[in-house]
Amino acid sequence: MSGRNVAYQLRPNKHVERLLFVELLEKICQNQTSSYAYISMGGPQLDDHRLFYQTLGITKLFSFEEDAIVYKRQLFNQRPSCIKCLPIPIDEFVSEFDSFLENEAISDKKLIVWLDYASTKRREQLIEYQILLDKLQEQDVVKITLNANPKTLGEAQSKETQDSLFKRRLEKIRGEIGEYLSPDITSDDMTGLRLVPVLCHAVEVAAEKGTNARSRLKPLLLSLFVYQDGEHQMLTTTVRLTNNSDIDQYKANLNWEYLPSSWQDVTKINIPALSAKERLVIESQLPVVDYSALHDNLPFRLHTDENISLEMLKEYARHYKRYPSYFQVVL
Amino acid sequence: MAEKVSVFPSKSFFVSTLTRDIELKDAILDLLDNCVDGILRHGQKHLPKNAQKPYDGYWAKIDISPTVFVIEDNCGGISKNIAENSAFRLGRVDVERDKDLPTVGMYGIGMKRAIFKMGRKARICSRHEEDSYCVEISPEWLSQDENWELPLNPATDTLKTDGTRIEVSDLYENISRQLDSKDFIDELHRDIANFFAIILDKGFKVFLDTKEIQPADFRLLFSDDFSSTPQIQPYAYQAEISGVSVKIVVGFYRELASVTEIEKEVEEEQELPTRKSDNAGWTVICNDRVILYRDKSRLTGWGVRDVPKYHTQFIAIAGVVIFTSNESLKLPLSTTKRNLDTSSEIYGNVLNRMMDGLKEFTSFTNHWKGREEETAESFKKMKLAEPSEIVKSIPKWSSLRGSQAKEEKFVPLLPKPSKEKTKRRISFYRSASQITKLSEFFFDDTDVSPSEVGEKCFDEALKKARGKK
């Protein structure tokens with residue numbers, strides 16, 4: 001079970017998260033995009049690569065893809081021409097890292113790598129992330145997306161109690177990524193909400209393992225988001241390899257609203273589904289300081305619970321500039 | 001004036017704590033380490049004739065009996081000045097000594113610890129240029145807490161060359177028992193052959209009860225023709241990290257094990273430990289001393305990150321890591337010098353490169369599983385060579401991106417089987433008596449291996465099927 005093939009237009013929360021990544025990269029790159037190269041798995045439409053070219057101006061763009069069908073679609077959809085599509089799995093990029101950079105003449109570039117995983121091979125994914133971090137250098141940025149859907153650890157079988165299901169999930173995740181887990185997790189942690197901090201801890205451990213051979217460098221945590229479109233709860237996190245002595249200064253200069261205070265400080269992206277008319281009514285009154293007053297004056301509610309409705313309004317206000325608009329087009 | 005309290009140490013405290021954490025074998029190997037450090041000091045003044053064999057002409061002789069232990073060497077001896085001021089002190093006082101030499105002596109404790117481990121009485125005689133003297137340790141001296149000085153007397157029976165002779169007697173009962181055991185002596189022989197392999201190979205001779213010890217073999221397969229790719233070659237890495245030179249070579253020392261060989265080995269291993277896997281694994285060398293021998297544990301990356309745990313199928317893989325530095329404290333050595341200090345930053349860094357290399361060969365082994373015979377031709381073209389020779393032969397190194405440590409590596413492009421699997425593995429269980437019956441039927445021998453019997457059954461059935469067509 002994965003969200004790999006679900007298009008962006010059906011995943012508004014992923015869309016918002018992606019735009020947040022662009023905003024973060026704008027702050028990181030600071031108009032020096034020519035010194036960066038972007039490496040990821042572009043999917044059939046290469047949306048991210050195109051976006052990073054259009055918004056950030058990065059021209060060294062590489063996409064790794066092991067599925068022959070998806071690769072051929074990439075070649076068909078390739079736009080702009082500076083995207084280089086490679087029919088190679090991302091794990092080969094990680095294992096052949098130095099020779100790849102040398103062959104592509106990008107050894108001198110700072111790297112932005114997005115390991116955009118959707119499958120549930122979490123052990124392989126964390127190991128790849130760890131190995132990649134070991135090979136990256138100061139100022140390189142790496143983002144990882146992990147599937148955080150608890151159903152991927154087991155779904156309830158007929159007449160199975162919740163207790164039994166959660167124990168089964170715990171056993172499965174311990175078998176999968178035991179070395180990255182905190183020893184005190186219990187079966188109670190196997191819910192959608194509580195699985196997120198469990199996986200955050202796992203990514204933190206992988207990041208530490210990947211960098212602990214170099215005492216001077218630290219994986220500075222820059223973003224930690226969770227979002228869910230339909231069934232697909234996904235966790236994303238971005239780190240930048242930073243010199244220990246520069247961390248405080250760098251954080252201060254970055255001036256990034258979503259900078260997590262720790263590996264447990266996760267921001268949830270959960271934008272409400274609104275009609276065009278509802279959006280226009282709300283947006284005509286933004287920005288505001290007093291959300292309660294705005295909420296009270298709205299001629300509609302977003303949830304039967306007043307407090308949840310207010311929170312949904314705030315979440316919309318937080319991301320309305322990134323809110324996707326979908327239109328039906330007759331071709 | 002304030003009164004004073006005594007903080008004088010008790011000798012029994014030193015003797016019991018110093019010796020508790022060290023095995024007798026390791027204590028004896030420490031004495032050999034001292035011999036080698038002696039050669040290096042002596043070599044400063046008397047340059048070796050052959051740079052490839054810097055230890056040529058030097059020897060150490062160990063004689064063991066249940067009542068007395070003797071080690072004698074011609075490794076330069078200890079000057080009277082050093083003897084009087086530091087060699088017999090418990091702990092190193094002169095940290096500047098040997099600062100330009102790749103020694104492994106770190107704490108100035110090895111000789112004393114070995115003596116205290118073995119017995120109550122010792123006589124240490126040394127000859128160094130004009131100096132020739134003996135120092136004696138007696139059971140009485142050991143029991144006197146207030147006396148921290150030892151008598152140094154001119155030697156009565158001068159050594160024939162510059163060197164040292166240590167004789168320990170009045171042995172503790174448990175030591176006497178070990179020194180009387182053939183098994184212990186065999187183990188010591190093997191450990192010297194393994195842990196001092198590089199030094200023995202470079203000319204040093206060690207005799208254990210008059211038998212000369214031959215060094216262990218760390219050679220790996222490689223081909224000096226690098227022109228064709230893909231081909232089987234070792235992975236290599238070299239770097240200079242904070243004053244420590246590092247070299248890694250990992251690859252195959254033999255052809256891949258066939259499925260039948262693996263099955264047999266695993267079956268036998270369940271009954272009794274076998275030694276076939278003995279040559280696989282990582283050997284770590286610090287300043288010519290082997291400190292970890294053929295290791296197959298997490299310590300050297302097996303079962304860590306993306307590297308699988310050691311299994312008999314990886315029997316053909318071996319690797320060597322060589323650390324060299326004139327500053328022995330920078331080496332990833334534990335205090336016993338026969339193990340790694342895994343917390344060392346330099347080892348953490350190098351371990352990642354070891355795993356990169358190891359992964360190449362575990363993946364290769366897995367890719368060719370069940371098709372091992374297809375790789376046989378490639379293995380035949382290769383020859384065994386010392387890791388240092390392999391490093392010298394590599395025509396083109398790749399640098400590591402952004403590295404501050406002059407890091408370079410050679411990653412071989414290993415052959416991969418075509419993705420289209422033309423062969424499939426068949427595996428099934430049948431009763432032992434049925435297999436024996438078929439074994440006798442086909443081979444006139446009841447002892448043929450189950451997989452050979454299975455293969456024969458398949459071949460016969462296939463012949464029959466083809467015949468019907």
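The values are calculated or read from the model by the stated rules, or taken from the named source; none is laboratory data. Because the structure is predicted, anything quoted here is derived from the model rather than measured. Note that each Cβ is placed from the backbone with ideal geometry, even for glycine, and that neighbours are counted across all protein chains shown.
I need a count of the residues in region A:107-138 that are among the β-branched types (Val, Ile, Thr), surrounded by fewer than 20 Cβ atoms within 10 Å (Cβ to Cβ) and out of contact with any helix residue (DSSP H, G or I) (no Cβ under 6 Å at 6 or more places or on another chain). Please lay out each step first, then the result.
Kept after step one, since they are among the β-branched types (Val, Ile, Thr), are these residues of region A:107-138: A:112-113, A:120, A:127, A:131.
From the residues that got through so far, the ones that are surrounded by fewer than 20 Cβ atoms within 10 Å (Cβ to Cβ) too are A:120.
Right, trim to out of contact with any helix residue (DSSP H, G or I) (no Cβ under 6 Å at 6 or more places or on another chain) and you get none.
Of the residues in region A:107-138, 0 are among the β-branched types (Val, Ile, Thr), surrounded by fewer than 20 Cβ atoms within 10 Å (Cβ to Cβ) and out of contact with any helix residue (DSSP H, G or I) (no Cβ under 6 Å at 6 or more places or on another chain).
Among the residues in region B:123-144, are any in a strand (DSSP E or B) and on the phi > 0 side of the Ramachandran plot? Lay out the reasoning, then the answer.
Filtering region B:123-144 for residues in a strand (DSSP E or B) gives B:123-128, B:131-137.
From what's left, on the phi > 0 side of the Ramachandran plot: none.
No; the residues of region B:123-144 include none that is in a strand (DSSP E or B) and on the phi > 0 side of the Ramachandran plot.
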#### Entry: Close pairs from region A:213-226: first in contact (Cβ under 8 Å) with a residue 24 or more places away in the chain, partner assigned to a loop (DSSP other than H, G, I, E, B) and among the aromatic types (Phe, Trp, Tyr), Cβ under 9 Å, at least 6 apart
A:221/A:263; A:222/A:256; A:222/A:258; A:223/A:256; A:223/A:258; A:224/A:258; A:224/A:263; A:225/A:258
### Query
Which number in (1) more than 25 Å from the chain's Cα centre (by Cα); (2) surrounded by 14 or more Cβ atoms within 10 Å (Cβ to Cβ) marks the one condition that residue B:234 misses?
(1)
### Query
Can we say residue A:145 is in a helix (DSSP H, G or I) and of a type in the set (Val, Ile, Thr)?
no
### Task
For region A:36-48, name all the residues that are in a helix (DSSP H, G or I) and modelled with pLDDT of 95 or more.
none
### Candidates B:209, B:201 - the one that is surrounded by 15 or more Cβ atoms within 10 Å (Cβ to Cβ) and at pLDDT 90 or above
B:201
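Residues checked against (1) modelled with pLDDT under 90; (2) buried (at least 21 other Cβ atoms within 10 Å of the Cβ); (3) within 18 Å of the chain's Cα centre (by Cα); (4) of a type in the set (Asp, Glu):
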site	(1), (2), (3), (4)
A:6	yes, no, yes, no
A:13	no, yes, yes, no
A:51	no, no, yes, no
A:58	no, yes, no, no
A:71	no, no, no, no
A:76	no, no, no, no
A:81	no, no, no, no
A:88	no, no, no, no
A:105	no, no, no, no
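So that you can scan it fast, the table gives a plain yes or no per residue for (1) over 25 Å from residue B:362 (Cβ atoms); (2) among the aliphatic types (A, V, I, L, M); (3) assigned to a helix (DSSP H, G or I):
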site: B:174; (1), (2), (3): yes, no, yes
site: B:183; (1), (2), (3): yes, no, yes
site: B:207; (1), (2), (3): yes, no, no
site: B:218; (1), (2), (3): no, no, no
site: B:230; (1), (2), (3): no, no, no
site: B:233; (1), (2), (3): no, no, no
### Query
Out of all the residues in region A:185-222, which are within 14 Å of chain B (Cβ to nearest Cβ) and either acidic (Asp, Glu) or in contact with a His (Cβ under 7 Å, 6 or more places away or on another chain) (or both)?
A:208
### Query
Any residue in region B:139-161 that is crowded, with 18+ Cβ neighbours inside 10 Å, in contact with a Cys (Cβ under 6 Å, 6 or more places away or on another chain), assigned by TED's automatic domain parsing to the domain that holds residue B:58 and farther than 14 Å from residue B:120 by Cβ?
no
### Query
Any residue in region B:365-373 that is free of Cβ contacts under 8 Å to residues at least 12 places away in the same chain, under 13 Å from residue B:232 (Cα atoms) and either within 14 Å of chain A (Cβ to nearest Cβ) or over 19 Å from the mean Cα position of the chain (by Cα) (or both)?
no
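Report yes if some residue within region A:179-189 is within 20 Å of residue B:348 (Cβ to Cβ) and part of a helix (DSSP H, G or I); otherwise report no.
From region A:179-189, those within 20 Å of residue B:348 (Cβ to Cβ) are A:179-180; that's our starting set.
Now narrow it down to the ones that are part of a helix (DSSP H, G or I): A:179-180.
Yes, there is a match, as at least one residue in region A:179-189 is within 20 Å of residue B:348 (Cβ to Cβ) and part of a helix (DSSP H, G or I).
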### Message
Please go through region A:308-327 and give me each residue that is touching a residue at least 40 places away in the same chain (Cβ under 8 Å), among the hydroxyl-bearing types (Ser, Thr, Tyr) and crowded, with 16+ Cβ neighbours inside 10 Å, ordered by number.
### Response
A:316, A:320, A:323
### Task
Could you grab me the full set of residues in region B:330-357 that are touching a residue at least 60 places away in the same chain (Cβ under 8 Å) and within 12 Å of chain A (Cβ to nearest Cβ)?
B:346, B:349, B:350, B:353, B:354, B:356, B:357
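Is it fair to say residue B:178 is polar (S, T, N, Q) and either buried (at least 18 other Cβ atoms within 10 Å of the Cβ) or within 22 Å of the chain's Cα centre (by Cα) (or both)? Can you show your working first?
Numbers: polar (S, T, N, Q): yes; either buried (at least 18 other Cβ atoms within 10 Å of the Cβ) or within 22 Å of the chain's Cα centre (by Cα) (or both): yes.
Yes.
Okay, residues lined up against (1) without any contact (Cβ under 8 Å) to a residue 40 or more places away in the chain; (2) assigned to a strand (DSSP E or B); (3) of a type in the set (Lys, Arg); (4) within 14 Å of chain B (Cβ to nearest Cβ):
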site	(1), (2), (3), (4)
A:62	no, yes, no, no
A:66	yes, no, no, yes
A:84	yes, yes, yes, no
A:91	yes, no, no, yes
A:99	yes, no, no, yes
### Query
Counting only residues that are in contact (Cβ under 8 Å) with a residue 60 or more places away in the chain, within 9 Å of chain B (Cβ to nearest Cβ) and among the basic types (Lys, Arg), how many does region A:115-156 have?
0
